[in-house]
Each structure stands twice: as C-alpha cells, then as structure tokens.
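Structure record follows, encoded as structure tokens.
The values are calculated or read from the model by the stated rules, or taken from the named source; none is laboratory data. Computed from a predicted model, the values in this text were never measured in an experiment. Virtual Cβ from ideal backbone geometry, glycine too; neighbours counted across all protein chains shown. Remember, those area values only see protein heavy atoms, side chains included, never the ligands or the DNA or RNA. Shrake-Rupley method; radii C 1.70, N 1.55, O 1.52, S 1.80 Å.
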Amino acid sequence: MGANSSSFNELSSNDYLKKLSSPEPINPIDPYWNQLLSFSFLIPINSSDGKLLEESTASICKGVAINNCKSGNFGALIRNFLVRATELKASVQCDDNIFTWQTYNALFIIRSLSKYFIEHLSEELILQQFEAKPKDMGGYKDPEEMGPLLEELMNSLVEMLVDVPVMNFTYALHLEALNTLLVLMSIQMFQPQPAHKFQVFQVMMQGRCSIHACVLVKALLRNFSNQEKCPPELYRQTSDMNSVFTSMAAGLWSVMTLGMGNKPEKKEEEFQETLLANQSLLFLLVLANHCTNERGVANPYREALFSFTNIHEEAGVSQVAATFKLDYSLLYSALCSTLRDDQTTLLLYLLIHRNIGVKAFIFSRTNIDLLVMPLLKILYHAQDKNSHHIYMALIILLILSEDDVFNKAVHEITLKNIPWFKERPISEISLGGLLILVVIRTIQYNITRMRDKYLHTNCLAALANMSAQFTHLHPYVAQRMVSLFSQLSKKHAKVVEQIRESAVTETDKDDLTEPNPMQDLAVLEEVLRMVLEIINSCLAASLHLNPHLVYSLLYQKELFNAFKTHPTFQDILQNIDIVLSFFSARVEEHGKGGNLSPSEVLEVIKEGSVQFRRDKLKKFPDLKFKYVEEESPEEFFIPYVWSLVYHSSNMYFNASRILLFSLSSS
C-alpha cells in the first residue's frame, strides 16, 4: 500500500497496513491517510483472486480486530472516508479524479476489514469495532454529535449510489459501494438470526437510509436496465503506467483488472462483464427479500419495487402514490437479454408477481417470445441448472399462462430453426408448441430424475391454463402429449405391480427412508388425471383446430383401454372415447378399399372435425390454476438470494463459516 504498486504477497509486510493494524492510534487528519490511500495494485473482482487477497491480508485484518478497540484506527479510516464522500459530489462535477480514486481505495480497505469482522466476530463485537474511536478526533465531530458510525457509513454509501453519476471514473466507486453494502448485510449468511434483529438491517430498513428507498431502488434498476459494460480504461493499460497518480484512467485500470500485479493485461474481448448491473441487481434482491413479514418492520425497498410505474405512462393513470417512474421498455430489454442468470429470473418473478404495471406491460408485448424463449431454454437445460432456477422459470410461465391473451398470442408467433432444441429437427413451430414440448420434457425429466411433486404441479398447471387455447399443434407436439401419457401409464403399471408383489411378500418393516409405492401411485394418478384433463380441454375447445392431436390419439388409442373402468379416470375418458369412436368410424369407412396413408387419415380427420358435434362431450369446469406464493416465503427466498450473492457477486466468502445454506444445495 502507500504510493507504490503492490502485489498480494507483499501486503502482510506493508508498513502502512502494519501501522493501521497496530495499537498505535492514528489521528484522522494525519498525512498518513493520504499515503495509505495512494496504492495501485491489481485489486481482484473475482472470487478466486479474492480468496488469495484475504489469505495475504489475514494477519493485518486480525491485527485490526484485536487492536482497533484500543487504537480506534478503523473508525478513523471510516471518518476519513466519510469526509471524502461528503465532498465527492462536488469532486465528480469538477473531474477531480485523484480524489475519487483515493476515496475508492479507502472504501476498499473498509470493505475488506468489515468482511473479516463479519465472518469472524459476533454481532456485538462487530458493533464494538465500529464504535471504537481514536483518542484524538483531530477536529472531527465527536461520535456523540453524530449518529452511530455504522449508520453514517451505510447512509453515505446509499447517498453515493443515488447522488454520484455513473461515469467512466466513478464506475469502480459505485461497484465498491455496492460490494461494501452487500458485505455488511452478509451477516445474515454467518449468524442464525432473523434479519430484522440485526442492527445492519434495522439501519437499512428503518434508519436514515430508508428515506432514500425510492431513489435507491430507481438507481439500482436503472443500473440493471442500462447493462453498462466496464469502461475500457478500467481494464486496458495506458501507455505510461508511471502516470498512475496523475491519470485516473491508469489508476482505475490498476484497480479493476482481474488478477494480481504480476498477471498480464486482460484482453478487451475477454472483459465485457456488466459488473455494475450485476451487483446492483444482487443488492436489490437482498433489499427486497428481507424483513417482508415482520409486524412493525416495513420494507420500503420492497414497496418501491412493487409500485414503480412506466415513465411513458400518462399522468393520472396510476393510482400508486409516492413512487417513481422508470422506462419499462429498457427494463424489459434487460430482462430478456439476461434471463439466463438466476438473479434476473428472480427479479422477473418479483416484478410479474407483484408489480401490476410491469405485469400489464409484459402481457401487452408483441415480442413476448423474447421473454419466453430464455425461460424455455432454462427448462430445456434443467440438468445444468439448480432446482431454484427451474422453479422460478416454471412459476413465471405459470403466471403468464393465467392470461388468455398470452395463451392465444404464443400460438400466433412462428419460430424457425431453434438451435438449442436437439430432440429432433423442427424447421417451423409456434412459440406455444415449443412451450408445450419443453414443459412436457421437464415433466419427463422430473419423473426420471428429480421426482418432485411441486415441479409436476406447476408444469401441468401451466399446460392446463393454456389447453383451451391450443391451436394448430405441430405433429410432434401432439405426439409428445400422447407419449407423455404413455410413459406415465407404463410407470403406473409398474408401481401397481410393485404394490401387488409387496402385498404378497409383506414383511414387518417401517422404514421411512424406503420409497413408498402407495405415495408414488397417488402422485402418478394425479398427474395422469391432469394430462387427460389437458387433452380433453383441448378437444372440447378447439378439436377442429388440432387435427394432429386427434391423429396421435387414434394412433395410440389402445393406451386408454386399461383406464376406462378406473374410477379416477372413468369420467374424463368417456369424452376421449367419444372422440376416438367418432373418428375411428370415419377412418374405417373411408378405408374400406384398403389401408389409408397417414396423409389420407389426416384429411379424413380434418373433414370429420367440421361435422363433429362438441356438444356431445360432457362439460367439465374450465381448467384455471393461479399461482399462490407459499406461506413464509422468506424461508425459501433468503437462502436463495444469498446463495446467488455467494456464487455470482465475484466476491469471495468463506464457505466453511456459512450457516444459512448448504453449498451442496445452493
């Protein structure tokens, strides 16, 4: 540290850092601070290099933790930062880049030390580190004259995010402000306590920070929507690195380049991450998913996220008071382009589930395929995704399927040559047809791998909601629908046989870890029933528009014989039997002179569907399922959100100290 470039292996012996960690108090206005903050080694922004940095500075951090209560040097560093942060807005306006750079360096050290405290100390001891003050305040306000230092720091970071514009030379500073806030709130990962009991969350939800809730959420969503890539000067070395103290571009290159001081410069084409958008999104998810159901503890960030409106909306249209406006079109584009990421899928879920304006906007899109296709791709590659990501994608599809306009629109959008769909070549298919194929594939994947009833239910509920609007189904889609019933019926027969065999060879065992065939049978019959209801719903509503489905049913009509007398399926199969009998008779009548070709059978079906009287079919209630969030959603969302921070924030967290979630399940 100090006015020299450093590499990680030099940090533990750095004189400036050793002085910071010693029991010797340093006056907040000592020239030492300017010297400490004039460093330019390659600070990492990926987790592997973050681990190397922490290992290199462990002795320094430990020294601060031991000696700070006597020296107050951590507090002196924070006060030094706070003064700089107060002046920063004016500094940015007059392009004082060196000042911005040193402010960034101060914050980086604060974040590194805070992270060590949070991973190694109790909350009480962490707060003591923030409350310790130097003996000589050097003209700074006494703590009694200002708020608690933790709150002062957090409020300063929030104000920085909302007041300082994102520019090339402030990009890194915004990133570090977000990283520091994430680190402070990451106490949730390491200590088993509800969020509202931690002081850091109390400060965020109820302290001065909360005054800025609307503008902070707006700033975070704007950062996400802009998807701004790291400015080239942050990762491209300038011609004269000796000018690091006079050229902010060079200084920020040294700050932002991935890796250590002795690593080669990163090529521009390799470094295009939208880091600010990513950290903004993660921080927004942390804010919105904590303190959601505690009496007397409001979450102003969650309320702001669920109530903001479209910047292009006419005045007076919205009934929501005290909120902000954002460009929905820009947000929609960012959502569509990044849905491959867990964190974007979770944001989309929160918006489409709880923000009425965003939901209406999405349903009005004529390019809804831009949103649906990435969701289908997530499900198609389920074997490479975690279960939470799959659930989120499915739930979003279920919410979309609640709208009949959406269900109709997806069959009017034609897709050609989908490169990631490998089941078989399909030159042309409707978006609705592809959706059905992928959801059926997800069900089949779940039958063989995950065996998750919740996943089955969401898949089938989405198909059921759409079934009355199935239109012009592709032959392969119709075939897969019937094949799904075939696969399930074979599994049903196998489970029934297992139950019969176990009844004959029953022994006195009561092992709950053993598979339960009766439970499997109940789930299977529920799924089989829903598949039949989906087929029936399609036939009752639009048989004349789906000749390929009738063809597939005729081709495998023997499948249904075993279930005709089964009490669970008897009523629904009567309808399907009426359809099969009608069209079987017509095919036989036209084929008296010999067997008909597939195309001839299809022609017979098309002609017959005009004459078929759908009023002959028994009327069943419309299939309508609505997504309802589980009780106590925090139990699901809080571990999920922090697992995303762990995996996607580019920061290193000590996995062995995490109590909130298991890495094997995250």
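General remarks:
- In Hz, Karplus ³J(HN,Hα) per residue of the range 546-560 (6.51, -1.76, 1.60; θ = phi - 60°; x = Gly, Pro): 9, x, 5, 5, 4, 4, 5, 5, 5, 4, 10, 5, 5, 3, 8
- The Rg/Rh ratio of the range 616-666, with both radii computed over alpha carbons and Rh defined as the Kirkwood radius, is 1.38.
- Stretch gain in nm, segment Val496-Gln202, where the contour uses 0.36 nm per residue and the Cα spacing is subtracted: 100.3 nm
- Residue-level accessible surface for Arg354, protein heavy atoms, 1.4 Å, Å²: 100 Å²
- Of the solvent-accessible surface of the range 403-473, computed with a 1.4 Å probe and all protein chains present, 50% belongs to carbon and sulfur.
- Residue separation of Gln128 and Gln193 scaled by 0.36 nm, minus their Cα-Cα distance, works out to 21.5 nm of gained length.
- Accessible surface of the range 558-666, 1.4 Å probe, proportion on carbon and sulfur as whole %: 50 percent
- Using a simple spin-label model with pseudo-atoms 7 Å out from Cα toward Cβ, Asp577 and Ser364 lie 5.0 nm apart.
- Inter-site label distance for Lys422 and Thr86 at 7 Å from Cα along Cβ, in nm: 6.1 nm
- Each part reduced to its alpha carbon centroid, the range 649-664 and the range 368-428 end up 31 Å apart.
- R0 of 51 Å, Cβ-Cβ distance Lys624-Ser656: FRET efficiency to nearest 0.05: 0.60
- 3J(HN,Hα) along the range 165-178: x, 7, 10, 3, 8, 10, 4, 5, 5, 4, 4, 5, 4, 5 Hz, from the Karplus curve 6.51 cos²θ - 1.76 cosθ + 1.60 with θ = phi - 60°, whole Hz, x for Gly and Pro.
- Around the amide H of Glu273, modelled in the peptide plane, lie the amide H atoms of Cys230, all under 5 Å away and 5 or more residues distant in sequence or on another chain.
- Amide H contacts under 5 Å for Leu415, placed H, 5+ residues apart: Ile429, Ser430, Leu431
- Theoretical gain in end-to-end length, Ser632 to Ala585 [0.36 nm per residue, Cα-Cα removed]: 11.4 nm
- Theoretical FRET efficiency, 1/(1+(r/R0)^6), r = Cβ-Cβ of Ser648 and Ile311, R0 30 Å, to 0.05: 0.60
- Using the Cβ-Cβ distance between Gln444 and Ile98 with R0 set to 60 Å, the FRET efficiency from 1/(1 + (r/R0)^6) comes to roughly 0.50.
- For the range 356-373, Karplus couplings with θ = phi - 60° (6.51, -1.76, 1.60), whole Hz, Gly/Pro x: 4, x, 5, 4, 5, 4, 4, 5, 8, 6, 7, 9, 4, 4, 5, 8, 6, 4
- Summarising the amide proton neighbourhood of Leu326: residues at separation of 5 or more, or on other chains, whose placed amide H is nearer than 5 Å comprise Thr309, Asn310, Ile311.
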